[in-house]
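See below for the structure under consideration.
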Amino acid sequence: MAKRLVVIAPCLAMAAVFRAVNAEVPVIFIFGDSTADVGTNNFLPGCKARIDFPFNGIDFPNGKATGSASAVKRRSFRGLNFASGGSGLLDITGQTMQKNVVPLGEQIHQFHIVHGNLMDTMGPSGTENVLSKPLFFISTANNDIFGYYHSGSTIPKEESLPIFLTYCVVIIQTLLNLGARKFGIISVPPIGCCPSQRIYNATGGCLEELDEHARAFHATMGVLMEKLSCEYSDMKYSLGNTYEMTINVVENPALFNFKEVASACCGSEKLNAESFCEPKANLCSKRSEYLFWYLFHPTQTASKLAALTLYSGEQRFVSPINFAQLAAAAAA
Ligand SMILES: *[C@@H]1O[C@H](CO)[C@@H](O)[C@H](O)[C@H]1NC(C)=O
């Protein structure tokens, strides 16, 4: 049986989005969890939230596992990725099972150091000019919700979600105060539909309560972002509705050429969700027909679909503007 408290990561890897958007803008800063981690955790002592082993990476150009959803080598400076798999908004998220992941607050602190370096080399107006143009992507809260749900916390859920949302707004405000102006926020997908969670439902269906959290997170985040953009009139943002995007695929797999949206392609036993994708795991024959690569994360095909939808999708999936419009919007 899978470890009851595994809270590595959410359903939708967004790394491909960042690649898609990258062509249009000079610099991108990325914060969050495993949906955006490109290998940070491989360098953290004692960290267990790593996937830098086969069969992960099987479809990368040289088939090598790099540690997460994407690995892109760049010649020039195109930004920084601070994301750490297993992390969340709360400092304690991911510290029990995975150990030593980098919480969002710490990621922001690291960015603060970068900001300090920019101030030293370019001065205040140079820094302001440089930081108002890049895109700031944040993909988080998934592990906070997993952690809350599986810990059997006595805090009612009406109270837990506002705590996560408050932290999220504080993080965005901190970035705004450091000069950031363009934000791409990826909200929480239907994490109850991950194979890792479906195995706790006797019918193999999604865990409804987790999906309710995801819907509520998105709805409230929409209100909060709108408020923030009134306070900071030169701020621009896109809020990706990964709940709507993913549930649409789960409910209409054939429309998107998927055949299997419940089991993982790589893993073992029930729904292929009782182990990680390890060298001994079962590997499905047609990866592109699966929504999930392993118990927590989507396949490359699903990630690409999500990326394209965030980049050029309609308002139902990304609002008030999509990532392409965000990238094109005139810098403040
Ligand atoms: C389990 O899945 C079914 C659908 O197959 C759903 O109706 C039910 O609410 C789910 N149970 C839980 C505990 O989420």
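A simple packing score, the average count of other Cβ atoms within 10 Å per residue, orders the peptides 313-324, 137-148 as 137-148, 313-324, with the highest score first.
Partners of LYS182 within straight-line reach, counting aspartates and glutamates whose Cα lies under 15 Å from its Cα and excluding those fewer than 8 residues away in the same chain: GLU24, GLU128, GLU226, GLU231, ASP234.
Phi angles across the stretch 37-46 convert, under the Karplus curve 6.51 cos²θ - 1.76 cosθ + 1.60 with θ = phi - 60°, into 3J(HN,Hα) values of 5, 9, x, 3, 5, 4, 9, 9, x, x Hz, Gly and Pro given as x. Peptide packing: for 241-250, 179-188, 113-122, the average count of neighbouring Cβ atoms within 10 Å per residue gives the ranking 179-188, 241-250, 113-122, highest mean first. Each residue of the stretch 285-296 was assigned a 3J(HN,Hα) from its phi angle through the Karplus expression (A = 6.51, B = -1.76, C = 1.60, θ = phi - 60°), giving 7, 10, 4, 5, 8, 9, 6, 10, 7, 9, 3, 10 Hz with x at Gly and Pro.
The amide H of THR299, built 1.01 Å from its N in the peptide plane, has PHE292, TRP293 as neighbours under 5 Å, considering only residues 5 or more places off or on other chains. When HIS109, HIS297, HIS218, HIS150 are arranged by Cβ crowding within 10 Å, least crowded first, meaning fewest neighbours, the order is HIS109, HIS150, HIS218, HIS297.
In the chain, what percentage of the DSSP-assigned beta bridges are antiparallel, given to the nearest 5?
25
Place the peptides 129-136, 227-234, 288-295 in order of packing, highest mean first, counting for every residue the other Cβ atoms within 10 Å and averaging per peptide. Walk me through the numbers on the way to the answer.
Working: 129-136: 19.4, 227-234: 11.8, 288-295: 24.4.
Highest to lowest by the protection proxy: 288-295, 129-136, 227-234.
Couplings 3J(HN,Hα) of the stretch 78-94, computed from phi: 10, x, 9, 10, 9, 4, 9, x, x, 7, x, 5, 7, 4, 7, 5, x Hz, in residue order, whole Hz [Karplus 6.51 cos²θ - 1.76 cosθ + 1.60, θ = phi - 60°; x for Gly and Pro]. Near ASN81, the amide H atoms lying under 5 Å from its own belong to ILE30; only residues 5 or more places off or on other chains count, and H is placed 1.01 Å from N.
Report the Rg/Rh value for the chain, based on alpha-carbon coordinates and the Kirkwood definition of Rh.
Details: Rg = 18.7 Å, Rh = 19.7 Å.
My calculation puts Rg/Rh at 0.95.
Shape analysis of the stretch 187-292 yields a ratio of the Cα radius of gyration to the Kirkwood radius, Rg/Rh, of 1.10. Among the listed pairs LYS64/LYS280; LYS64/LYS133; LYS48/LYS157, those whose Cα-Cα separation exceeds 23 Å are LYS64/LYS133; LYS48/LYS157.
Taking amide H positions as modeled 1.01 Å from N, with prolines and chain starts lacking one, the residues under 5 Å from LYS182 and 5 or more places away or on another chain are PHE136, LYS236. Here the contact order of the chain, divided by its residue count and restricted to Cα pairs under 8 Å and six or more residues apart, works out to 21 percent. Beta bridges assigned by DSSP with both partners in the stretch 166-294 are antiparallel in approximately 20 percent of cases.
We did not get these values from a lab; they are worked out from the coordinates using the rules stated. Bear in mind that the values here come from a model prediction, so they are computed numbers and not experimental data. Neighbour counts run over all protein chains shown; Cβ positions are idealised from the backbone, glycine included.
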